[in-house]
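A short write-up of the structure that comes next.
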Amino acid sequence: MKISIFMSFFLLLSWACTKQKVEPKLSDINKVTSCDTSKITFSGKINPIFVANCYGCHDQYDSQFAMQPFSTLKLSISNNKSKFLNSINHNPGASKMPKNGNKLSDCDLKAIATWIDAGMPQD
Ligand code: HEC
């Protein structure tokens, strides 16, 4: 009897310790889920996404969808907004971009949509 009480206590204690270890820290949760779309600028967020994923194929000489310089980029997107959004969101039937590459992260897609909705400022 004494042993089983001791054992229960020990099990409870080890369970409590395990539980504590598994509990994720709030700071980690924020790191994973945060996608701050309140301070998006072209130079700080949007342009780096296009540099890393698009400009290599879509420069100013590109006849399919020119994305440079900025004035051309803005014109290309505003004239083909749904085509552009369908492409980067890999929607059915769209020409999926980046071509032969992975879809942009949800956070990047959200940032681009937010920037377009704000009127594509060159900030
Ligand atoms: C490896 C080269 C390559 C990369 C990288 C690339 N594209 Fe493209 N893109 C193309 C080609 C080639 C076409 C012509 C259509 C096709 O072949 O699918 C095209 C077409 C497009 C079109 C027009 C689609 C249509 O329906 O006509 C859009 C919009 C577009 N790209 C946007 C982007 C964006 C935004 C990125 C970056 C996130 C990107 N592309 C990255 C090669 C690329």
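Values in this text are rule-based calculations from the coordinates and carry no lab data. Computed from a predicted structure; not experimentally measured. Note: ideal-geometry Cβ built from the backbone for every residue, glycine included; neighbour counts use all protein chains shown.
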Among 90, 58, which comes first, then next, by fewest other beta-carbon atoms within 10 Å?
90, 58
Proximal charge balance of residue 87 [Cβ under 15 Å; K/R count +1, D/E count -1]
+3
Lys pairs under 22 Å by Cα in the stretch 38-117, provided they are eight or more residues apart or on distinct chains:
24
Based only on other Cβ atoms within 10 Å, what is the fewest-to-most ordering of 61, 55?
61, 55
Rh_Kirkwood(the stretch 38-117) over Cα pairs, Å, one decimal, evaluates to 12.8
Test of understanding: ordering 39, 45 by Cβ neighbours within 10 Å, fewest first, what list do you get?
39, 45
